[in-house]
Amino acid sequence: MRLRSVFFLPILLGAACGAIAVVQARPAPRVEPVETALQKRGLAFARQRCSACHAIDAGVSPRPEAPSFETIINTPGLTAETLDPWLRDSHNFPEIMNFTVAPGEIEALAAYMLTLRNSDYRPPIQ
C-alpha cells in the first residue's frame, strides 16, 4: 500500500500543479469601464448615432476629420462641467453635422465619455 502511495503521489502532485497552471494561464476577465445605467445608455447612443464618424472608444475614427471620443475627453481644459455645453453645441454646424443631441442624451453621452478619461493619454501623432 505504501509503495502505491509513493508511486501515485508525484502523479497526483503533477496533475494538481498542471490544473493550477491552467487556471493561472487564463487571462483575467475584461472589466468594462461602463458600469452605471446612465453610462450604458450613453454608450448605446454613441454606438447608434456617433460611431459612423467617431471612434467611440480608443482608436481611429472612421472619418479622419472627426476626433475620437478618447481624444475629445482627454482634451486639456475639458472638464465634466464644460463637456455638457460642448456636446450641446458641437453638432449644430450646417455643413456636415446638422443634428442636435437632446439634453437627456447629452447627460448620458457625457457620462460614457468620462469613462474614457485617461491621465496617461497622449494625442496621436498626425
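Please treat every number below as a calculation from the coordinates, not as lab data. Just so you know, these numbers come straight off a predicted model, no measurement behind them. Quick reminder, even Gly has a Cβ in these numbers, built from the backbone with ideal geometry, and neighbours come from all protein chains shown.
So here's what we get for this one:
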{"quantity": "Gyration tensor over alpha-carbon atoms, segment 37-114, equivalent ellipsoid semi-axes in Å", "calculated": "16, 15, 14"}
{"quantity": "Neighbour-count order for R122, R63, fewest beta carbons within 10 angstrom listed first", "calculated": "R122, R63"}
{"quantity": "Relative exposure of E107, E65, E35, judged by other C-beta atoms within 10 Å (fewest first)", "calculated": "E65, E35, E107"}
